[in-house]
Structure formats: structure tokens, C-alpha cells
Amino acid sequence: MSDSDDEPITLSSHALEALRAFEAEREEHQAKFQKLQAEAESDNALLSIDTFAEDWNESQFWYSDETANTLATELLRDATSDMTIGVVSAPSVFVALKNILRSKSDDERPKLVLLEHDNRFGVFPEFSFYDFQQPVKLPGHLKGSIDRIICDPPFLSEDCQTKAALTVRWLLKPSGAGPPPRLIVCTGERMETLILKLYRALGIQTTAFEPKHTRGLSNEFYCYANFECPSWKWR
């Protein structure tokens, strides 16, 4: 072994600068995450979906604030504290729900459940990991527990839409266990025939409301629901 083997490793000034930049970025990210986690655990913090960058590999396209607020408002309309609202693959609506409920007292707040594939949303206590490929691999206590639900399946394929529908049916309270469930499905126009078939038993129809996305989508998007309300009528 030569003496040189015992000498400490030295980095060039360029490498040191890159390392410092990496460590600073990591510390900034950690601080941002801790701040977000604290806000997520607070019932009074104003949240923004923009905190979470869209991941197109996850087929993530956030709704515009107006669309997210409209959908959240209709899910909450006349809801009571003993109800549970489920959000499947629509985190921007979940954030809108959280923001609206900030101004409500505890006895006016329904319970929220977020089912999402993106683990970044695990900062929220309402989060449960969801993979549409395993549509009912979910916490057992969620089965038959949801009064109102919105679902935005991540992919415009028959397989994804069918499995998402299985998840929705698994989550919803059984018939006769309370008021009729409210169901909203937002997905592509070309899925219309399949959506009306999959959710026929729940009375779903195509509405005139057109969801908009922050960055826009090339695919025409429809809102399907089993109820009419101030924000939309059936086509």
C-alpha cells in the first residue's frame, strides 16, 4: 500500500460547489416538506395544489381552481358531519374541499378520504395509497363507508375505467344505509358510453358542466353525475 492511499480525498472547487448546491437544495426541500406537512395537519391552513408539481408520468393534470371549487362545492352541498366524502385520483378537488372546510365548524365538517397513487399526498392524514390495478386493495374500514364520491380515473382506457368503477362501488355505502349516494366521475368524452354502462345502477348521466384544467388538455373532458345541482344539469 502506498502512502498516497492514506491521503484524504479532495474535491475540485467545481465539485465542492456542486455538492454545496445539492445539499442546499435538499435542505430547502426538507424545510418545504416540513412546512407543508404542518399545514396539511392544520384544519385552518390555506392550501394550494400548485405546491405539488404535476407528474405527467402519473397522468396528473390538475383542475383549474374554478373547476376544483365547483366540484368541491357540490360534493359539500347539504353534507352533514356524519357523512364521508371520498376523492379518488382527484387531489386538486381534495385540496379545494380542505380549503372550503377551513371556515366550517367541526359539527359542519364531513369526513374526507383521499385515495391517490402519488405518495407525496401522504402528508395529509386523510390519504390512503391507491393503485387502480388493485382496485380493492384498500384499508378494510373504507368498504361501504362513503356517502359521496368523485373519481377521475388516471387513464382513458377501458381497463382503468372499469377497475376504478369497481373501487367506487366497493367504497360506497350499500343501498338503504342512508341518503342516496352522490357520484361524480370526470373523464374523457370518448369514455361516455362505458361510463354510462359501468355506473348505470347508480343513475349516472352526462352533465353540461365542462371541467377545465390548469394547463389544458387535448382530450375533451366531461363531467358525469347521478344528480343535478346549481352548477350543472344533465345534457
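Quick notes on this one:
- Qualifying residue in segment 171-183 (condition: part of a loop (DSSP other than H, G, I, E, B), modelled with pLDDT under 95 and under 24 Å from residue 70 (Cα atoms)): yes
- Test: residue in segment 216-231 that is in a helix (DSSP H, G or I) and of a type in the set (Asp, Glu): no
- Members of segment 198-215 found to be loosely packed, with under 13 Cβ neighbours inside 10 Å and in a helix (DSSP H, G or I), listed by number: 200, 201
- In segment 92-108, residue surrounded by the fewest Cβ atoms within 10 Å (Cβ to Cβ) [restricted to those that are at pLDDT 95 or above and not aliphatic (A, V, I, L, M)]: 99
- Checking segment 157-173 against the condition returns no match, with no residue being more than 22 Å from the chain's Cα centre (by Cα) and assigned by TED's automatic domain parsing to the domain that holds residue 129.
- Subset of segment 173-191 [farther than 11 Å from residue 221 by Cβ and either touching a Leu at 6+ places or on another chain (Cβ under 8 Å) or acidic (Asp, Glu) (or both)]: 181, 182, 183, 184
- Checking residue 193 against (1) modelled with pLDDT of 95 or more; (2) among the hydroxyl-bearing types (Ser, Thr, Tyr); (3) assigned by TED's automatic domain parsing to the domain that holds residue 61; (4) surrounded by 13 or more Cβ atoms within 10 Å (Cβ to Cβ), the condition it does not meet: (4)
- For residue 187, the conditions (1) hydroxyl-bearing (Ser, Thr, Tyr); (2) under 20 Å from residue 225 (Cβ atoms); (3) surrounded by fewer than 16 Cβ atoms within 10 Å (Cβ to Cβ); (4) modelled with pLDDT of 95 or more are fulfilled apart from (3).
- Failed criterion for residue 218 (all others in (1) at pLDDT 95 or above; (2) over 20 Å from the mean Cα position of the chain (by Cα) hold): (1)
The values are calculated or read from the model by the stated rules, or taken from the named source; none is laboratory data. In this text the structure is predicted, and so the values were computed from the model without any measurement. Neighbour counts run over all protein chains shown; Cβ positions are idealised from the backbone, glycine included.
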